[in-house]
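Step one of this worksheet: look at the structure below.
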């Protein structure tokens, strides 16, 4: 089978979770990934033990950009390369989890009458999945109400796939803290700004390091590879600055509390990890879907939320709520209720059904 998705961790990690579940069921299944050249998947997929082929493809830029002038050429060449990939590997099924590369690959797969499944993580779909939905055989979604965007008869409400090691929560907190060389009895704050990093969150953390120290917190700060050179000098005995964390199962296990963006895949993982969380939605996404994702969690008592535009005004007050032991217990309980640990298995059931 072929799995295509990436560009960000939010598209890539669901793809890896699906591959992991398929291999658990049938170790002889041959899995090929198709990604976008220069993106996160080109490094992370081989590290996970899978073969990947890259397409020369990018998305359209929202602002006026010279990159948009060569987009038609990139799309044309990616469609041609997708044809050669499909003819060479002849997959039984093709799965797309969103991102630039999944568009050309899954479009050509549908023309070749290869069964296709797309998986949409967000409450507001990306343009790639919206374009692919009419030709897809099945669409796995995590939110209700997506019949506004997709054919209703193809929708399956599964939740978002997460890696089995995260859903199983197999690492004791003390062992996880030792893995990151942290003090076992000191509370740990984990900061996640997405795989590429988040400028506003990084600035916030840098300006509050003294506050965290006063509150006797140790910090694992995933600043993103774009910002690592800028912030690595702030590393200390109690502050670990990391460009990207691949071992998310260990990271969630080590956390006592979390500050995070609110991408849909991350939220699914946070629900299973059930660690008290303060969400700072990215405002730079289609239809402000991270804000809506975050508020859905907050309305269930599962998270605290501060909008990026209000960080200066509200952060300290809301952060103090995150430190409150009673509030932490309530959030952990609510997060567990929202968790969908069987999402990956349900999606693979759908894939097997297509075969």
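Laboratory data are not the source of any read-out in this text; all were calculated from the coordinates shown. Please read all numbers here as calculations on a predicted model, not as lab measurements. Glycine also receives a Cβ, built like all others from the backbone with ideal geometry; neighbour counts cover every protein chain displayed.
What is the Cα centroid distance between the stretch 270-291 and the stretch 11-78, reported in whole angstrom? Computed from Cα coordinates, the inter-centre distance equals 24 Å. Which shape class, rounded, prolate or oblate, goes with the stretch 166-338 when its Cα gyration tensor gives a ≥ b ≥ c as root eigenvalues, a/c under 1.5 marks rounded, and past that a/b bigger than b/c marks prolate? The shape class here is rounded. Think of it as helices only: each DSSP H run of n ≥ 4 in the chain is worth -39500 (n - 2.57), and spread over all residues that comes to -13000 deg cm²/dmol at 222 nm.
Compared with the dominant principal axis of the Cα atoms in the chain, helix 325-338 is inclined by about 10°. If the segment from residue 237 to residue 292 were pulled out straight at 0.36 nm per residue, it would be longer than the present Cα-Cα gap by 16.1 nm. Among 255, 296, 198, the largest mean-square fluctuation in a Gaussian network model of the chain (Cα springs under 10 Å) belongs to 296.
Sequence-distant contacts, meaning Cα pairs under 8 Å at least 6 residues apart, place the relative contact order of the chain at 16 percent. Put a dot 7 Å past the Cα of residue 113, heading toward its Cβ, do the same for residue 323, and the two dots end up 6.5 nm apart.
To the nearest ten degrees, helix 311-322 and the longest principal axis of the Cα atoms of the chain are 80 degrees apart. Between residue 89 and residue 247, the simple spin-label model (points 7 angstrom out along Cα→Cβ) gives 2.9 nm. Which shape class applies to the stretch 173-213: rounded if a/c is under 1.5, otherwise prolate when a/b exceeds b/c and oblate if not, where a ≥ b ≥ c are the square roots of the Cα gyration tensor eigenvalues? Since a/c reaches 1.5 but b/c is at least a/b, the shape of the stretch 173-213 is classed as oblate. Consider a paramagnetic label point 7 Å from the Cα of residue 65 along Cα→Cβ; state which residues of the stretch 112-129 have an amide N under 19 Å from it. It comes to 126-129, nothing else. In the stretch 166-338, Cα pairs under 8 Å separated by at least six residues give a relative contact order of 21 percent. Cβ crowding within 10 Å ranks 167, 207 as 207, 167, fewest other Cβ atoms first. For the chain, DSSP calls about 0 percent of its internal beta bridges antiparallel. Semi-axes of the equivalent ellipsoid of the chain are 35, 21, 20 Å, computed as sqrt(5λ) over the eigenvalues of the C-alpha gyration tensor in descending order.
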